[in-house]
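These notes concern the structure reproduced below.
Throughout, read-outs are computed from the coordinates displayed, never taken from laboratory work. Note that the coordinates shown come from a computational prediction; the quantities given were computed from them, not determined experimentally. No Cβ is skipped: glycine too gets one built from the backbone with ideal geometry, and neighbour counts run over all protein chains shown.
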Amino acid sequence: KPYADNNKSKLGSMHRSALRLQGLINELLDLSKLEFKKISLTASEENIVKVTQDYMQSFESLADQRKIRLGFQAQAAELMVFLDLEKYRKILANLLSNAMKFTEEGGEINVSVSTKSSTIHDRTGEVAIVDGVELRVSDSGIGIASEKLPHIFDRFYQAGDKSRTHQTGTGIGLALTKELVDLHYGNIIVESVQGEGSSFIAFFPGGK
Ligand code: ADP
């Protein structure tokens with residue numbers, strides 16, 4: 001019996017490692033396909049409020065476990081914008097997992113969606129000011145040092161202090177996130193104060 005239990009927990013841990021590795025491989029493949037422009041956008045007009053709120057439910061049990069308050073605010077019940085749903089969910093997943101990873105127990109994560117106008121590079125490469133929707137993921141976590149902020153979206157970049165054991169990662173997530181936002185002709189920025197928290201702000205232009 002003790003042997004059986006032991007094997008079970010080893011298998012469980014092997015399974016989790018395999019899933020994590022599979023996730024990483026998929027992210028690397030996505031990133032390399034994006035680089036060679038082999039990923040295209042399959043966008044449809046979506047209510048970003050509902051899509052975001054629905055997706056956040058998959059993070060509720062993790063938030064409970066970590067005793068983190070997960071809040072959501074929307075400017076209106078319905079904000080329509082063209083999104084590639086699968087890619088939008090990857091963007092959200094990356095921002096939320098990072099927020100979870102770098103926020104201590106008892107902290108807070110707030111997500112909001114609201115209308116905004118911003119400067120983008122449109123399909124023809126022209127600079128344009130357009131109306132659209134902003135997704136904001138803010139946390140009360142460890143924050144990012146100001147000298148590290150300019151590199152945060154670079155591939156394989158990790159801003160953290162390596163001695164913090166819970167900061168396991170690869171530095172791929174945000175590079176992929178930025179590529180996926182760019183694919184929507186949007187933009188993403190970060191605001192952070194070390195020791196106080198971080199906000200990742202993604203903009204998605206309105207119209208087709
Ligand atoms: P990973 O999390 O796998 O290291 P990412 O590309 O997702 O890779 O993030 C790069 C780095 O940016 C992280 O290593 C971390 O130092 C920093 N970072 C990202 N999100 C946050 C956050 N919400 N709070 C503090 N630091 C963050």
Note to self: Using +1 at the C-beta of Lys and Arg and -1 at the C-beta of Asp and Glu, which of 152, 47, 19 has the Cα lying farthest in the positive direction of the dipole of the chain?
What the structure shows: 19
Check: Using 7 Å Cα-to-Cβ label points, what is the residue 24/residue 145 separation (nm, one decimal)?
Finding: 2.4
Notebook entry, point to check: Taking N as the number of residues in the stretch 57-112, what value does Rg over Cα atoms divided by 2.2 N^0.38 Å take?
Noted result: 1.23
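As a quick test, which of the pairs 8/50; 10/50; 67/208; 33/67; 116/208; 67/116 have an alpha carbon distance above 28 angstrom in this structure? Provide the component values of the computation, followed by the final result.
Details: 8/50 39 Å; 10/50 39 Å; 67/208 40 Å; 33/67 37 Å; 116/208 16 Å; 67/116 32 Å.
Over 28 Å Cα-Cα: 8/50; 10/50; 67/208; 33/67; 67/116.
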Checklist line | Percentage relative contact order, the stretch 46-165, counting C-alpha pairs under 8 Å, at least six apart | finding: 24
Checklist line | the chain, relative contact order in percent, only Cα pairs under 8 angstrom and at least six apart counted | finding: 21
Check: Check residue 46: other-chain or 5+ apart residues with amide H under 5 Å from its amide H, H built from backbone geometry?
Finding: 81, 82, 83
Notebook entry, point to check: Using the alpha carbon gyration tensor of the stretch 1-113, what are the three equivalent-ellipsoid semi-axes (square root of 5 times each eigenvalue), largest first, in whole Å?
Noted result: 31, 23, 12
Note to self: Give me the base-10 log of I(q)/I(0) for the chain at each q in 0.17 Å⁻¹, Debye formula, one uniform scatterer per Cα, rounded to two decimals.
What the structure shows: -1.29
Next item on the list: List every residue whose amide H lies under 5 Å from the amide H of residue 104, counting only residues 5 or more places away in sequence or on a different chain, with H placed 1.01 Å from N in the peptide plane.
Entry: 142
